[in-house]
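Have a look at the structure below before the remarks.
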Amino acid sequence: MKNIAKTLIAGFIVVSLTACSAAGPLFVTDNPAGSKTGESSYRTIFGLALDGGNAGIAKAAENGKITKISTVDQKVEAGLFITRIVTVVTGE
């Protein structure tokens, strides 16, 4: 019985340390590709906002001091309990 409990606990720990990440473009504009990059993000735990962050395009552009947006990408980094959403903006 102790071996089963230890195996279940070890399995739970291994699963909780695994993560998944997905990224993709949201949109591209006609503006020329710029050298500046800005990011904004927030984290959730069990789907509830954890840190009150802002993953908006406007916030990412503000963080990178971008006035003409070229591309917008979004990444989702998901663990077992905590998920992080990151918006990446490039431009001038």
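Here are the numbers for this structure:
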item	result
Loop-exposed chymotrypsin sites (Phe, Trp or Tyr not before Pro) per DSSP, neighbour cap 14 Cβ within 10 angstrom, longest uninterrupted part of the chain	1-45
Within the chain, longest stretch free of exposed trypsin sites (Lys or Arg not before Pro) [DSSP loop, at most 14 other beta carbons within 10 Å]	1-64
Percentage relative contact order, the chain, counting C-alpha pairs under 8 Å, at least six apart	37 percent
Gyration tensor (Cα) of the chain, equivalent ellipsoid semi-axes in angstrom	38, 13, 8
Fluctuation leader among Val72, Val28, Val14 - the chain, Gaussian network, Cα springs under 10 angstrom	Val14
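Each reported figure results from applying straightforward, stated rules to the coordinates on display, with no laboratory input. Owing to the predicted nature of the structure, the values given are computational and were not obtained by experimental measurement. Cβ atoms come from the backbone with ideal geometry, glycine included; neighbour counts cover every protein chain shown.
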